[in-house]
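Everything below concerns the one structure shown next.
The values are calculated or read from the model by the stated rules, or taken from the named source; none is laboratory data. Since this is a predicted model, take the numbers as computed values, not measurements. Neighbour counts are summed over all protein chains in view; Cβ atoms, including those assigned to glycine, are modelled from backbone coordinates with ideal geometry. Just so you know, the surface numbers come from the protein's heavy atoms only, side chains and all, with ligands and any DNA or RNA stripped out. Shrake-Rupley method; radii C 1.70, N 1.55, O 1.52, S 1.80 Å.
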Amino acid sequence: MTAHEIDYQIYGEEMQYVEIELDPQEAVVAEAGSFMMMDSGLQMDTIFGDGSNQDRGVLGKLFSAGKRLLTGESLFMTAFLNTDLGKRKVSFASPYPGKIIPIDLTKYRGKFICQKDAFLCAAKGVSVGIEFSRKLGRGFFGGEGFIMQKLEGDGMAFVHAGGTLARRELAAGEVLKVDTGCIVGFTKDIDYDIEFIGGIKNTVFGGEGLFFASLRGPGVVYIQSLPFSRLASRVFAAAPRQGGKDRGEGSILGGLGDILDGDNRF
């Protein structure tokens, strides 16, 4: 194996964290800000890129970091190396309520494609790159743009899904239609495209957007019930207005009540 072989255990229900056990000289790389806790004897180091090209010179490091920049992630990742003589543990936490998904890349023929902000951590040696969409419709209307994240190698990687997780294994030719924001990731043989919902009533009054994702098998698809964008929009909608007044959540009158009680500012 080119990637380090790590052991792990996932704890919790709604707000999970993954605990990774490292043998001497084993290492794990993680997104900045996901670290939770670690044993003594671990050396933490900030690296340029994903750590998979550290032995390829300056150009290799620049290319690795450049790929991450295109996905909107930081140029740097954090590596945790066990420099002690015994086993040591390091833990990484979910960024918001949901589930952590362990991805054994050897079971998916060395490649897994996920949304840009799903990656949490991986064994050192796993390549965290980009996957370009060759379809204009998917790029413009698919919710993830032309670029998704690509995990390659023969080690373990961990991605995060919001809310409750659904795993679907699609047969050859089987199609699953999904809200574009609910896709967590899929295996490399899945054909991913977008479809127009259609119908004037659906388009104007449906409230589900104009497009949904069409995923055609064979392969495995992971779906999340709570995309971060949906969570953020609900939090923003419920946030107090300027001046400390709330939005009348739970009130029958709601916004009309604000007008009747004199708060008619727009």
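Things worth noting here:
- Enumeration of residues in region 213-225 that are hydrophobic (A, V, I, L, M, F, W, C) and surrounded by fewer than 19 Cβ atoms within 10 Å (Cβ to Cβ): Val220
- Any chance Glu21 is among the acidic types (Asp, Glu), at pLDDT 85 or above, closer than 20 Å to Tyr96 by Cα and open to solvent by less than 60 Å² (accessible area, probe 1.4 Å): no
- Positions within region 30-39 being modelled with pLDDT of 95 or more and more than 18 Å from Ala123 (Cβ to Cβ), in sequence order: Met37
- Which numbered condition Gly49 fails, given (1) within 22 Å of Asp154 (Cβ to Cβ); (2) modelled with pLDDT of 95 or more; (3) open to solvent by less than 60 Å² (accessible area, probe 1.4 Å): (2)
- Residue selected from region 1-18 under the condition modelled with pLDDT of 95 or more and under 13 Å from Val90 (Cβ atoms), by the criterion least open to solvent (accessible area, probe 1.4 Å): Val18
- Hits in region 83-117 (condition: at pLDDT below 90 and crowded, with 22+ Cβ neighbours inside 10 Å): Gln115
- Test: residue in region 239-255 that is modelled with pLDDT of 75 or more, over 22 Å from Tyr96 (Cβ atoms) and open to solvent by 50 Å² or more (accessible area, probe 1.4 Å): no
- Any pair with Cβ under 8 angstrom, 6 or more apart, that starts in region 89-102 at a residue that is more than 12 Å from Ser34 (Cβ to Cβ) and without any contact (Cβ under 8 Å) to a residue 40 or more places away in the chain and ends at one that is of a type in the set (A, V, I, L, M, F, W, C) and outside any strand (DSSP E or B): none
- Test: residue in region 180-189 that is modelled with pLDDT under 80, open to solvent by 50 Å² or more (accessible area, probe 1.4 Å) and not β-branched (Val, Ile, Thr): no
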